[in-house]
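Here is the structure we will look at.
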Amino acid sequence: MIGGVLRRGSMRSALMFAFLTGCVLSALPLFGVPGPESALVLGFLLPPWLALVAARWVIDARRKGRAASAPELINSVLLSTLLLLLAAGLVLELNSLRGPRCTPLQGWAFLALGPGLGMVLAGLLGATCAALIPSSKIATALAVAAPVVWVGAGVARFFGTPAIFVMNHIAGYFPGTIYDRDVAITVEYGTFRALTVVWIAALALLLAATFRRAQARSALFPVRFGRLALAVLLGVVGVAGFLHGPQLGHRATAAFISEQLGATYRGRRCMVHVPRELSPSEGQRLARDCDFRVHEAELAIGVREPRRVHAFFYRDQDEKKKLMGAGQTFIAKPWRHEVHLQMRAWPHPVLAHEIAHVVARNTARGPLGVSGRFGGWLPNPGLIEGLAVAAAWNQREGLTPHQWARTLLDLGNMPDISRVMGLSFLAAAPAHAYTAAGSFVRFVQERYGRAAVRSAYADGTFATALSKPLPQVEREWRAYLRGLTIPPQARALARQRFSQQSIFHAPCPHRVADLQKQLSLQLAAGEPEAIADVCQKILRIDVADVGTRAVLVGAAARLGELSRAQRELRDLSEHWQAPGPVQTFARQYYADALWARGDRETARATYHALLSQPQTDDVRRSLEVRRIAAEAGGREADLAFRLLIGERANGADPALAMHLARELGELRGDGLGPYLAARQLYNEGQFDLALPLLRQALKRQLPTSSLRKEAMRMVGRALYATDQYTAAAKHWRSVREIESMNLFFESQQWLRRIAWRTQGRIKAPSRTP
């Protein structure tokens with residue numbers, strides 16, 4: 001049978017095409033191994049070929065009067081699918097031998113479920129077209145067009161629904177954003193492919209019921225009604241599966257997502273869809289936050305958003321991934337006026353960025369509402385993301401994107417703007433690309449005006465928007481960055497922030513993402529043996545993963561393997577030259593383990609030493625509280641240990657933490673106990689209950705300046721959250737004037753928010769540059 005299949009010229013051409021496609025994919029990072037990316041490309045390209053091969057087989061048999069049967073045709077389609085899959089897949093498999101072996105079985109499973117089943121379905125579609133249509137030309141054209149149209153319907157769902165994932169019976173599975181590395185064969189994809197098998201069986205029965213065996217010229221044979229009835233029944237099952245697609249997780253609709261979330265709140269500019277368990281005050285607060293972000297984006301870009309923005313807030317990234325396809329990544333669909341985010345602490349740290357994408361559509365051309373060449377049809381992700389960063393200008397660890405870009409320059413890692421402002425943006429490490437693009441767009445806006453940025457966004461390029469060549473403007477931007485002042489610890493923090501590789505260059509990104517997910521679960525459970533085991537699995541794939549090595553330090557110490565933990569600590573510093581914050585995490589984890597084993601004094605000395613090194617604000621506060629408690633000893637140390645660390649190194653749950661913090665407050669004369677209690681309430685969104693505790697903590701004096709700074713920030717936010725706008729404005733103005741707190745930027749943001757909320761009754765400050 002193989003010889004008969006290979007004698008057909010169309011099949012030989014298809015095999016050559018599959019082989020060459022495998023060779024081309026092998027030259028591309030991420031696509032050059034069996035996996036979801038290569039399966040998707042093959043799922044797009046190979047099924048039309050098999051539809052053509054099957055159609056030509058039927059047409060040639062009819063033209064030559066050669067005896068043929070439906071089983072023979074079906075077997076031929078299956079064999080041809082296997083040959084084409086092997087022609088491309090074996091090339092990818094051989095190419096994968098050049099690097100670490102990740103998940104070969106899962107990779108081949110993606111190929112089998114993706115282009116494998118897609119080619120079988122397309123082949124039967126092509127054969128059915130040829131069997132039912134007497135005209136050879138029309139049959140051939142429809143045979144090739146049928147799978148292409150089916151794929152096109154899947155693409156249309158990407159643009160016409162909230163989902164960014166697409167499950168298609170021909171092409172297979174498109175998981176969505178490249179920034180989500182956790183891609184696996186899910187139950188939902190398995191049930192979807194079960195429906196594909198139903199459609200395959202329906203077409204096979206249709207062929208068996210209608211395909212001629214005789215040598216007559218007629219295209220049809222007397223119908224076998226039993227097989228036809230069964231084919232129709234299977235077709236009904238397939239249609240029912242499509243209609244229940246949202247419930248099965250095969251596709252998404254806005255109505256279904258809103259129903260699953262359970263609650264909707266209408267603002268002046270936004271409609272927010274939130275989990276039903278959120279209190280009305282929390283839902284309304286999110287709606288107002290969204291309204292404010294629309295207002296701010298309009299001012300930053302210089303346009304007016306005429307339509308209401310729909311903001312979907314999911315319970316967690318797992319629910320978000322299941323319902324619309326994106327897990328860790330936050331998503332905007334400007335052409336649908338939608339943003340999709342998982343719940344975070346209020347005010348949501350990424351909402352402004354996603355809203356900026358939607359508002360920016362008012363300066364874009366084309367149906368997608370994004371920056372791009374050729375009328376918006378070829379997106380420019382550098383401009384798309386750069387404008388969002390520039391419009392939602394914010395600080396991270398006390399640094400603006402300009403200052404972070406300066407650290408990129410100092411580290412020698414700044415990408416050329418010509419590479420960032422285009423599709424190559426996607427191939428760069430995300431932190432590098434977003435920082436560079438956002439800083440450059442903001443610089444152009446500040447130097448050449450908002451109109452220049454809007455013009456570039458509309459054209460998809462800066463070529464016609466500026467009066468100077470892009471390289472000259474880039475030189476001006478770099479010179480501007482070199483003139484900025486940055487704090488001493490910035491470079492150390494930057495080494496950690498900019499250490500992650502692009503997904504295109506990371507080894508086994510999907511396998512590592514799955515292991516990282518397992519590691520998070522084990523850390524939450526506090527099982528050091530399991531933690532160490534997962535760490536070793538990750539390090540066998542990526543030996544230079546210093547973050548995982550830092551976790552391994554603590555796990556080894558908790559297991560009593562102190563010499564191993566110390567060796568890993570030395571290697572982090574001397575061999576791997578890990579960024580300072582990573583080494584801090586490892587040493588803190590090690591000190592926590594020592595404290596758990598009874599060596600509180602060594603733990604205290606370690607915390608004290610770490611505080612002399614550059615740290616983020618959050619880490620510094622955590623270290624300070626640990627050091628203070630360890631120094632105090634006795635009951636205070638026991639309470640703080642149970643609150644912050646615990647026997648399983650996962651801290652206390654909120655209820656126990658409240659009890660421990662209150663008891664700590666009774667033992668200490670300062671404000672540390674009330675502050676820690678207020679932190680628990682604040683994290684739960686109970687701002688009215690947190691506020692008096694914060695005031696008590698400040699009145700009793702907090703033991704460090706960083707704790708006092710954080711308490712002042714929390715007071716200002718809690719005053720706003722509880723609608724005390726006059727008091728909030730007074731508070732933020734006073735905080736703004738305390739230079740040592742370095743809260744001028746944040747104070748200005750909150751004062752603008754207060755002015756907006758009070759409709760100008762409380763005066764807004766000038767915009768922060």
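Points worth noting:
- Among [x] 101, 61, 51; [y] 85, 66, 61; [z] 112, 52, 40, the entry that matches Cα extents along the principal axes in Å as calculated here: [x]
- The chain: angle of helix 672-683 to the longest principal axis, Cα-based, in degrees nearest 10: 30
- Taking every lysine pair in the chain that is 8 or more places apart or spans two chains, those with Cα atoms closer than 22 Å amount to 12.
- The accessible-area ordering, largest first, of the residues Asp653, Asp289 stands as Asp653, Asp289, per a 1.4 angstrom probe.
- Neighbours of Lys537, meaning other residues whose beta-carbon lies under 15 angstrom from its beta-carbon, give a summed charge of -1 when Lys and Arg score +1 and Asp and Glu score -1.
- Shown for region 386-467: the carbon plus sulfur share of the solvent-accessible area, taken with all protein chains present and a 1.4 angstrom probe, equals 45%.
- Applying 1/(1 + (r/R0)^6) with r as the Cβ-Cβ distance of Asp670 and Ser279 and R0 = 30 angstrom yields a FRET efficiency of 0.35.
- Take every DSSP beta bridge whose two residues both sit in the chain; close to 60 percent of them are antiparallel.
- Extension gain (nm, one decimal) between Asp60 and Thr253, 0.36 nm per residue minus Cα-Cα: 65.1 nm
- Nearest-10 value in Å² for the accessible area of Ser258, using the 1.4 Å probe: 30
- Difference of contour (0.36 nm per residue) and Cα-Cα distance, Leu689 to Ala609: 25.2 nm
- Inter-site label distance for Val232 and Ser13 at 7 Å from Cα along Cβ, in nm: 3.8
- For the chain, cysteines whose Cβ has no other cysteine Cβ within reach (under 4.7 Å): Cys23, Cys129, Cys535
- Full-stretch length increase - Ile762, Ala145 - with 0.36 nm per residue and alpha-carbon distance subtracted: 215.8 nm
- Most to least packed among 590-601, 299-310 [average Cβ atoms within 10 Å]: 590-601, 299-310
- Here the simple spin-label model places points 7 Å from the Cα toward Cβ, and for Ser69 and His575 these points are separated by 6.5 nm.
- Contact order relative to length of the chain, as percent, for alpha carbon pairs under 8 angstrom and 6 or more apart: 7
- Only protein heavy atoms count here; under a 1.4 Å probe, Tyr179 has an accessible surface of about 60 Å².
- Here r is the Cβ-Cβ distance between Arg101 and Gln328 and R0 is 35 Å; the resulting FRET efficiency, rounded to 0.05, is 0.85.
- Arg396 long-range amide H proximity, modeled H, under 5 Å: none
- Taking all Cα pairs closer than 8 Å and separated by 6 or more residues, the relative contact order of region 636-721 comes to 22 percent.
- Note on Ser734 and Leu411: the model spin-label points, each 7 Å out from Cα along the C-beta direction, lie 3.9 nm apart.
- Of the solvent-accessible surface of region 1-97, computed with a 1.4 Å probe over protein heavy atoms with every protein chain present, carbon and sulfur atoms account for 74 percent.
- Each stretch of four or more DSSP H residues adds -39500 (n - 2.57); spread over every residue of the chain, this sum gives -20500 deg cm²/dmol at 222 nm.
- Region 314-363 - percent of accessible surface contributed by carbon and sulfur, probe 1.4 Å: 47
The values are calculated or read from the model by the stated rules, or taken from the named source; none is laboratory data. Since the model is a prediction, treat every value here as computed from it, not as a measurement. All Cβ positions, glycine included, derive from the backbone under ideal geometry; neighbour counts span all protein chains shown. Quick note on the areas: whole protein, heavy atoms, side chains included, nothing else; ligands and nucleic acids left out. Shrake-Rupley method; radii C 1.70, N 1.55, O 1.52, S 1.80 Å.
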